[in-house]
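Written out below as structure tokens is the structure these notes cover.
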Amino acid sequence: MAFCFGGLRWDGLLESLKSTMQTMGYLGLLLSSGVLFGFVMTYHQIPQQFTQLFVEMDLSPYAVLAMIVVFYIILGMFLEPVSMTFITLPTLFPLVHAAGFDLIWFGVVYTITMEIAVLTPPVGLNLFVIQSLARDDVTIGDVIVGCVPFIFALVILLLLLVGLPDTALWLPELME
């Protein structure tokens, strides 16, 4: 359809296939590295030791959650969400479970945290994507200032989800 109606030509098709293969190669390498990293971490029982360390610190579950959220927002300033997920989630998952949080709820909180992370400077991935759409008209500083209300709204949503966890769980509970 793109060839017949959209003006796609052979050169454009080859370029899009090349770009797709590069992206998929990157994601495949990232996925396999993440699986290997998770295997090594599990083999050496690092997630269990990490969880035990936090249990021994006798922190409240919400203090642990706050530390996790801050950790991901800082990490999101330098990495994109797929890398953060593959590298850190195998270690933090047992900790979240041990803290007594519902894992579906944590998945929603994690997703919102990732959205905040990709909007935070200096290397927030979405900032550069937005800026590249209007490269000549908008500076990265303009994009950062424009994203502040969205970051603020996401932080309010995150606080709402922490304060009222049922807001994230009512739909999954309806599906049971």
Handout entry: Angle between the chain longest axis and helix 140-163 axis [Cα atoms, degrees, rounded to 10]
Key = 30
Handout entry: Per residue value of the accessible surface for region 73-122 (all protein chains in place, 1.4 Å probe), Å²
Key = 41
Handout entry: Estimated [θ] at 222 nm from DSSP helical runs (n ≥ 4, -39500 (n - 2.57)) normalised by residues in the chain, nearest 500
Key = -26500 deg cm²/dmol
Handout entry: Among [x] 119; [y] 177; [z] 273, the entry that matches volume of the Cα convex hull per residue in Å³ as calculated here
Key = [y]
Problem - Lys/Arg +1, Asp/Glu -1 at C-beta; region 1-116 dipole; positive extreme among Gly12, Leu36, Thr51 - result: Gly12
Practice task
Using the Cα centre as the reference, give the magnitude of the dipole from point charges on the C-beta atoms of the chain (Lys, Arg: +1; Asp, Glu: -1; all else neutral), rounded to the nearest 20 debye.
Solution key: 420
Exercise for the section: Multiply the residue separation of Ala153 and Leu53 by 0.36 nm, subtract the distance between their alpha-carbon atoms, and state the gained length in nm to one decimal. Expected result: 32.6 nm
Fill in the blank from the handout: Any chymotrypsin sites (Phe, Trp or Tyr not before Pro) in region 54-83 that lie in a DSSP loop and have at most 16 other Cβ atoms within 10 Å would be Phe78
Exercise for the section: Quote to one decimal, in nm, the extra length available between Leu8 and Phe128 on full extension: 0.36 nm per residue of separation minus the C-alpha distance between them. Expected result: 40.5 nm
Practice task
Report in % the part of the accessible area of region 66-176 that belongs to carbon and sulfur, leaving out ligands and nucleic acids; probe 1.4 Å.
Solution key: 77
Exercise for the section: Return one number: the angle in degrees, 0 to 90 and rounded to the nearest 10, between the long axis of the Cα atoms of helix 166-175 and the longest principal axis of the Cα atoms of the chain. Expected result: 80
Fill in the blank from the handout: If every Lys and Arg gets +1 and every Asp and Glu gets -1 at its Cβ, then about the Cα centre region 81-176 yields a dipole, in debye to the nearest 20, of 240
Completion exercise
Expected vector for region 12-17, Karplus 3J(HN,Hα) from phi with 6.51, -1.76, 1.60 and θ = phi - 60°, integer Hz, x for Gly and Pro, equals x, 5, 5, 5, 5, 5
Practice task
Taking the chain as the reference, fit the longest principal axis to its C-alpha atoms, fit the long axis of helix 46-56 to the helix C-alpha atoms, and give the angle between the two in degrees, 0 to 90, nearest 10.
Solution key: 50
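The values are calculated or read from the model by the stated rules, or taken from the named source; none is laboratory data. Small disclaimer: the values here were computed from a predicted structure and weren't measured. In this analysis, Cβ positions are derived from the backbone assuming ideal geometry, glycine residues included, and neighbour counts consider all displayed protein chains. The accessibility values were calculated without ligands, DNA or RNA, using every heavy atom of the protein model including side chains. Shrake-Rupley method; radii C 1.70, N 1.55, O 1.52, S 1.80 Å.
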